[in-house]
Amino acid sequence: MDVRHERTGWRCEAISRRHREWGWNCPAVDLDFVVAEYNHGQPVALVEYKDKHAQKPNLDHPTYNALTALADGYKKGAIPFFIATYCPENWWFIVSPVNDCAVKYYSHVAGKKISEQRFVKSLYLLRSKVLAACDIAVINKLNKKTLDTAPK
């Protein structure tokens, strides 16, 4: 089954620009790429994906407080909220947990460079405790190295 591709190459640029005209007391932030990872219509994690060159976020900013409140306030129990910094040249990730639920889930790899295989496997395991053979086949096709060969 194919995954739906990005259709336009940009995400809601017009509303982002327009929102800036709504005044100082209507705060919002244009995050890099925030997604709700879900399973059967139920959220399993809130993730902000950031390129490795992005500025380090200030987790004390009201924006992150609001997103943490969303993740912590889910009616069926808190879900992990974390920042996943990635390297698009080699597809490695660094997970930075934001809320307690994410700290608990990612404590063994928090702040460490991990392979795409390991990161994606963690997303699958958020959804299901046991991986199906088709899931393992997809994961095994992904990058398993954490080398950064991009120019410094």
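The values are calculated or read from the model by the stated rules, or taken from the named source; none is laboratory data. The structure displayed is predicted, hence computed values, not measured ones. As a convention, Cβ positions derive from the backbone with ideal geometry for all residues, glycine included, and neighbour counts pool all protein chains shown.
Descriptive notes on the structure:
- Hits in segment 68-84 (condition: within 16 Å of the chain's Cα centre (by Cα) and aromatic (F, W, Y)): F81, F82
- Within segment 131-151, the set of residues being closer than 24 Å to K104 by Cα and at pLDDT below 85 comprises T146 only.
- Residue within segment 47-70 that is in a loop (DSSP other than H, G, I, E, B), in contact with a Cys (Cβ under 9 Å, 6 or more places away or on another chain), surrounded by 16 or more Cβ atoms within 10 Å (Cβ to Cβ) and in contact (Cβ under 8 Å) with a residue 12 or more places away in the chain present: yes
- Test for A102: is it modelled with pLDDT under 95, under 14 Å from V47 (Cα atoms) and touching a strand residue (DSSP E or B) at 6+ places or on another chain (Cβ under 9 Å): no
- Among the conditions (1) surrounded by 19 or more Cβ atoms within 10 Å (Cβ to Cβ); (2) of a type in the set (V, I, T); (3) under 22 Å from L142 (Cα atoms), V35 misses just one, which is (1).
- The residue of segment 52-63 that is farthest from C87 (Cα to Cα), among those that are modelled with pLDDT of 90 or more and under 15 Å from the mean Cα position of the chain (by Cα), is L59.
- The set of residues from segment 74-85 being surrounded by 19 or more Cβ atoms within 10 Å (Cβ to Cβ) and either among the β-branched types (V, I, T) or without any contact (Cβ under 8 Å) to a residue 40 or more places away in the chain (or both) comprises I79, F81, F82, I83, A84, T85.
- For S122, the requirement of being without any contact (Cβ under 8 Å) to a residue 40 or more places away in the chain, among the polar types (S, T, N, Q), within 28 Å of L70 (Cβ to Cβ) and touching a helix residue (DSSP H, G or I) at 6+ places or on another chain (Cβ under 8 Å) is met.
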